[in-house]
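Comments concern the structure below.
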Amino acid sequence: MTRPHPHLQRCGIPWQSRIAPPPAHPQQRGLDRFNALSHDAAVAALLACCGCRRWAERIAAHRPYPDPGSLLAAGDEAGYDLTAAEVAGALARESAAPLPRAERGPGTRAAATALRAAHAEYERRFRHVFTLCLDGYGDEELLDRTLYALRTRLGNAPDQERSVTAEELRRLARGRLARLAANCR
């Protein structure tokens, strides 16, 4: 390896770092790609995280984000400003995810039946899809956690459930934003 010109060493930056920048953390590369998207492409990617156009436009307009934490903070802040109509619109864009499958074993059929019945009752009562963020739960916990949340939330008053649903929507959007920042191509 040849040594650089002597004055490069005096600036306090190792000369090796001037040859090639260190590789970026994989999550940062995804965020850099997200920051580089056109406005329309960024809004489209963000609408997959939360179906509220104002939320997506607001986050896209504040790019570039220096790190994933800044993007997540922007998503949280924008999520807290959603109106009831915007939450309803975002919920309308949510597709009903398949219900968690029960592992084979005693009570499997009964658990699956109870889950389908509770889900149908929830949609009948509140007139929107059931939202629940299950990030951080293992596969073996999904069915029980979903059934517990459905049964608990069926006891909520409509105003209380709107608040809980809005929070679950924000949590879903946060997880999706984190995956977008990590995997944007």
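The values are calculated or read from the model by the stated rules, or taken from the named source; none is laboratory data. The model shown is predicted, which means the values in this text are computed figures rather than measured ones. Don't worry about glycine lacking a Cβ; one is built from the backbone with ideal geometry, like all the others, and counts go over all protein chains shown. Quick note on the areas: whole protein, heavy atoms, side chains included, nothing else; ligands and nucleic acids left out. Shrake-Rupley method; radii C 1.70, N 1.55, O 1.52, S 1.80 Å.
The table that follows gives values for the structure above.
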quantity	calculated
Meets criteria (modelled with pLDDT under 95, under 22 Å from the mean Cα position of the chain (by Cα) and either closer than 17 Å to A178 by Cα or not in a loop (DSSP other than H, G, I, E, B) (or both)) for L91	yes
Inter-residue pairs, beta-carbon under 9 Å, first under 20 Å from E94 (Cα atoms) and at pLDDT 90 or above and in the stretch 132-150, second basic (K, R) and open to solvent by less than 20 Å² (accessible area, probe 1.4 Å), 6+ apart	L132/R153
Complete set of residues in the stretch 152-167 that are under 30 Å from P66 (Cβ atoms) and buried (at least 18 other Cβ atoms within 10 Å of the Cβ)	A166
Residue list for the stretch 134-151, restricted to those being open to solvent by 70 Å² or more (accessible area, probe 1.4 Å) and part of a helix (DSSP H, G or I)	D139, E140, E141, D144, Y148, R151
Residue pairs meeting the criteria (Cβ under 8 Å; at least 6 apart or on separate chains; first under 15 Å from A92 (Cβ atoms), in the stretch 37-63; second of a type in the set (A, V, I, L, M, F, W, C) and open to solvent by 70 Å² or more (accessible area, probe 1.4 Å))	G51/A92
Residue within the stretch 58-76 that is under 20 Å from S163 (Cα atoms) and part of a loop (DSSP other than H, G, I, E, B) present	no
The stretch 28-52: number of residues that are among the aliphatic types (A, V, I, L, M) and buried (at least 16 other Cβ atoms within 10 Å of the Cβ)	7
The stretch 99-125: number of residues that are exposed (fewer than 10 other Cβ atoms within 10 Å of the Cβ) and either modelled with pLDDT of 90 or more or among the basic types (K, R) (or both)	2
The stretch 67-81 - residue that is closer than 11 Å to L169 by Cα and open to solvent by 30 Å² or more (accessible area, probe 1.4 Å) and, of those, nearest to the chain's Cα centre (by Cα)	D76
